[in-house]
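Student: Okay, handing you the structure first.
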Amino acid sequence: MPSPLDHILTLQLDPLIGYINSCNQQSMLLVDEDGWTIAASPSLCLFLGYDIGFLNGQRADQVFVSGADFPSFGDEMLSIPLGHEVQLRCMIGEPVACRCMAFDIFSQGEARGRYQFYVFENLCHEMDLNLLQQFAGTFVKDVNLGVILIDTSFALVDISDTACRILGLERDRALGRPMDDVFSFLPAEHQLVNRSIFDGIVMRNHAVSWISGDDRFELLLDSSLLKDRNGETVGAYLLFKDVTNLRSLEEQVKRSDRLAMIGQIAAGTAHEIRNPLTSIKGFLQILRTTFIDKKMEKEQTFVEIMLTELSRINDLVSEFLLLSKRRDVKYIPMDIGAAVREILPIIHNEAILHRVVVNFEPCADLPQVIADKELLMQVFLNISKNGIEAMGDSGTLTITEKWDGEERCVLIEIHDTGPGIPHFLIDKIFDPFFTTKQDGTGLGLSVCQRIIHDMGGVIRVSSKGFGTTFTVSLPYP
């Protein structure tokens, strides 16, 4: 099969462009008379460190270091044999010198005009010398790493897709812009990158919290300068890893350790506390009966207060015992929706007392999960009551059933329209003894988390300032 080069002077433009764009063995470039690149072969793009197709539609000086490196159009037909030396611009690093031959060609048809066609010496044998550029191109496209490259003018040279997703940026709109403009929506002191990076300040595993829309990310940052062979600074880079899940796991481990410690204390003291409580409560009940018979209302009131406080102590000890050891659980395949529907009447009664409306959004054909029904009902009831109490005298509590086929889990979302949980408190709500209620023990959510964790699930919470959503997620087989 003849090469398009055999008929280069009379060939239509489209076949030549197709040949160049599909050629992996030879480095070639087609430029129009206005200095715009029409086509660049994949081998040329890869050698210079660009994505395949990136050079199409770019200015010629994106490829050549300067206009002096490639001949201008003249009155006569241009024909330069192999041997003309040019400097090719790489995406990262210093320019590369190579030889090329060039032709003036004339196209017929709709794309009629004059073009310059360059064939560069075989660059394949130099690929090892340019390994850094190839690695850099792959590095920027890494799906798990945020990469930001900036030049000495503090403009954005390149950014990875992961960085765009986490930072909430659009790549095409951000490239080439000053970093001050890219993060113009933030005060200078809160911008992820600032000009001090060029002062030689190196960051290693610097922890940063970043909020993009409704999502919060925990990032570990590394940064440093990029220098050429002469030691001159040519730019800087910022790398960051999303460690949100790791931080969440660390917090969960810390909470589990605290719960284990509390459980050990509870196991040794709960029963010893309950025995005297039972005696005190019995004598107080006798006293109350005596005061009622003798119509000693003041003394009766005092006894009622003491009995109420004893009941609170007894409830606290019961929660201690639940933390210290598991009850006889029965992990069996079950319909999680059945547990929700069974406690709905209780939730409705609680809601009526607070003038709260309860909405239930069921989902048909929920997969079965391996769980203990009684413990699940305790979790859903506890979270629902917390939401109702948080709304005060009015609001809406919405309980939604969902399931996720990709993650293979069943989700129960409990959303209230209360004032929400401040961001500085949201990380503490599962800590033992932490509570915002005047009469709360601070163990309710800790117990709920322990129950769901033992079933292999997780509880997540999100609050946007106008409501709170608790999501209970349990895996299904």
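The values are calculated or read from the model by the stated rules, or taken from the named source; none is laboratory data. Just so you know, these numbers come straight off a predicted model, no measurement behind them. Positions of Cβ are generated from backbone atoms using ideal geometry, with glycine treated the same way; all protein chains shown enter the neighbour counts.
Student: Can you run down the residue pairs with Cβ atoms below 8 Å, 6 or more apart or on separate chains, where the first is in segment 429-452 and within 17 Å of residue 390 (Cβ to Cβ) and the partner is of a type in the set (Ser, Thr, Tyr) and modelled with pLDDT of 75 or more?
Tutor: Every condition considered, the pairs that remain are 430/446.
Student: Among 355, 408, which is touching a residue at least 60 places away in the same chain (Cβ under 8 Å) and either assigned by TED's automatic domain parsing to the domain that holds residue 216 or on the phi > 0 side of the Ramachandran plot (or both)? Walk me through it before giving the result.
Tutor: Numbers: 355 fails: touching a residue at least 60 places away in the same chain (Cβ under 8 Å).
408 is the lone residue from the list that is touching a residue at least 60 places away in the same chain (Cβ under 8 Å) and either assigned by TED's automatic domain parsing to the domain that holds residue 216 or on the phi > 0 side of the Ramachandran plot (or both).
Student: Just one of 421, 414 is of a type in the set (Val, Ile, Thr) and either over 23 Å from the mean Cα position of the chain (by Cα) or modelled with pLDDT under 85 (or both); which is it? It would help to see each step written out before you state the result.
Tutor: Details: 414 fails: either over 23 Å from the mean Cα position of the chain (by Cα) or modelled with pLDDT under 85 (or both).
Going through 421, 414 in turn, just one is of a type in the set (Val, Ile, Thr) and either over 23 Å from the mean Cα position of the chain (by Cα) or modelled with pLDDT under 85 (or both): 421.
Student: Does segment 326-353 hold any residues that are outside any helix (DSSP H, G or I) and either basic (Lys, Arg) or at pLDDT below 85 (or both), and which are they? Give the steps one after another, and end with the answer.
Tutor: Going through segment 326-353, the residues outside any helix (DSSP H, G or I) turn out to be 326-335.
Across segment 326-353, the qualifying residues are 326, 327, 328, 329, 330, 331.
Student: How about segment 362-409: which of its residues are of a type outside the set (D, E, K, R) and part of a loop (DSSP other than H, G, I, E, B)?
Tutor: 362, 363, 364, 366, 367, 368, 392, 394, 405
Student: Of the residues 82, 88, which is at pLDDT 80 or above and among the aliphatic types (A, V, I, L, M)? Please lay out each step first, then the result.
Tutor: Values: 82 fails: at pLDDT 80 or above.
From the options 82, 88, the qualifying one is 88.
Student: Something else now. Go through segment 460-477 and count every residue that is farther than 19 Å from residue 422 by Cβ and either modelled with pLDDT under 85 or in contact with a Phe, Trp or Tyr (Cβ under 8 Å, 6 or more places away or on another chain) (or both).
Tutor: Residues that pass the stated criteria total 3.
Student: Tell me whether segment 150-167 contains one or more residues that are closer than 17 Å to residue 233 by Cβ and loosely packed, with under 11 Cβ neighbours inside 10 Å.
Tutor: Yes, because at least one residue in segment 150-167 is closer than 17 Å to residue 233 by Cβ and loosely packed, with under 11 Cβ neighbours inside 10 Å.
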